[in-house]
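Have a look at the structure below, then the notes.
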Amino acid sequence: MQFIDTHTHPYDEAFDEDRPQVMQRAVDSGVARWIFPGIDSTSFAAQLDLYERWKSNAYMGMGLHPTSVGENWKDELQFALDELRAHSERYVAVGEIGLDAYWSRDYMAQQKEVLVAQLEYASEKDLPVIIHERSATGEMLDIMRRFKGRLSGVFHAFTGSLETYREIASLGGFKVGIGGVVTFKNAGIGKVVSDIPLSDILLETDSPYLTPAPYRGTRNESSYIPIIAAKVAEIKNIDIKEVAKVTTANAESLFHLPHHEDRLETA
């Protein structure tokens, strides 16, 4: 079985001590391809370096994360857009981008301006978007409806209701990223996943965050994708091989990735 981790940050400093081993464990676990979303200019050098080291396995997104929207938001937005324009061959998506009101609403107006600018770019270039949304579902959907039919993408780390999923599906061209939270004992997303078509699901870790059970509370990594896949298979009462096949095909289609049957070589 082969999987794609459609959202992982192995360039994060949490992996500084054992990054090569983490990447190799992923490959050995059948998770031989990954998408590295962009965050902001401060993490870009590490992101690009890891991408260059694992170029046959890795793909990148570029965008300004909503929690990185602060005093210098104009400079950060310009950095992301300039990088996308100058090196379009590197990128399979614009992201991760979105709205986050969980920590603060101090820059919410600027978050919305940044989001719209990046959605406009993605629409112009026909690139899928990787959406981050936290504590701002209504505002997020209001903006996304303005782009209905003009964009495709994924709402990553999805833990919303069935009604929210249906709103996302009505936008056309959007999928949801399911990660470690689906394995949590009292998480409501398990029941929701049972009603989401497998054709609308991508697998992700969001490592180093949102580690699945039984490793919850420790650092997450891409080698745990099969744990998430097994839980999805259990919820839907299907074989894990079907989950691997369909979610991999979903990712290849959404991000326009080449199809690979065999494990890729290590760097």
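The values are calculated or read from the model by the stated rules, or taken from the named source; none is laboratory data. Bear in mind that the values here come from a model prediction, so they are computed numbers and not experimental data. Here the Cβ is made from the backbone with ideal geometry for all residues, glycine too, and neighbour counts use every protein chain on show. These area figures cover heavy atoms from the full protein model, side chains too; ligands, DNA and RNA do not enter into them. Shrake-Rupley method; radii C 1.70, N 1.55, O 1.52, S 1.80 Å.
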**Request:** Could you check how many residues of segment 173-193 are open to solvent by 30 Å² or more (accessible area, probe 1.4 Å) and not hydrophobic (A, V, I, L, M, F, W, C)?
**Result:** 6
**Asked** What is the number of the single condition among (1) closer than 28 Å to I39 by Cα; (2) buried (at least 18 other Cβ atoms within 10 Å of the Cβ) that K231 does not meet?
**Response** (1)
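To keep it simple, each residue is scored yes or no on (1) at pLDDT 95 or above; (2) closer than 19 Å to P66 by Cα.
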| position | (1), (2) |
| --- | --- |
| A93 | yes, yes |
| M108 | yes, yes |
| Q118 | yes, yes |
| K125 | yes, no |
| A136 | yes, yes |
| T159 | yes, yes |
| N186 | no, no |
| D195 | yes, no |
| E204 | yes, no |
**Prompt:** Residues of segment 1-17 being touching a His at 6+ places or on another chain (Cβ under 9 Å) and within 14 Å of N57 (Cα to Cα), which ones?
**Reply:** Q2, T6, H7
**Prompt:** If G177 satisfies every condition in (1) of a type outside the set (A, V, I, L, M); (2) in contact (Cβ under 8 Å) with a residue 12 or more places away in the chain; (3) assigned to a helix (DSSP H, G or I); (4) closer than 23 Å to M1 by Cα but one, which is the exception?
**Reply:** (3)
**Request:** Residue by residue through segment 27-42, note down the ones that are within 23 Å of V181 (Cβ to Cβ) and out of contact with any Pro (no Cβ under 8 Å at 6 or more places or on another chain).
**Result:** R33, I35, P37, G38, I39
**Request:** Return the residue satisfying two criteria in turn: it lies in segment 145-167 and is assigned to a helix (DSSP H, G or I) and open to solvent by 80 Å² or more (accessible area, probe 1.4 Å), and of such residues it is farthest from K125 (Cα to Cα).
**Result:** E163
**Request:** Hey, could you check segment 127-144 for residues that are in contact with a Phe, Trp or Tyr (Cβ under 8 Å, 6 or more places away or on another chain) and of a type in the set (D, E, K, R) and say which is surrounded by the most Cβ atoms within 10 Å (Cβ to Cβ)?
**Result:** E133
**Request:** Considering only segment 1-36, state which residues are part of a helix (DSSP H, G or I) and β-branched (V, I, T).
**Result:** V22, V27
**Item:** Evaluation of E76 against (1) in contact with a helix residue (DSSP H, G or I) (Cβ under 7 Å, 6 or more places away or on another chain); (2) within 23 Å of R150 (Cα to Cα) (one fails), failing number
**Value:** (2)
**Item:** Among the candidates P258, P197, residue that is closer than 23 Å to M23 by Cβ, free of Cβ contacts under 8 Å to residues at least 24 places away in the same chain, open to solvent by 50 Å² or more (accessible area, probe 1.4 Å) and not hydroxyl-bearing (S, T, Y)
**Value:** P258
**Prompt:** Just to be sure, is S152 in contact (Cβ under 8 Å) with a residue 60 or more places away in the chain, polar (S, T, N, Q) and within 23 Å of M62 (Cβ to Cβ)?
**Reply:** yes
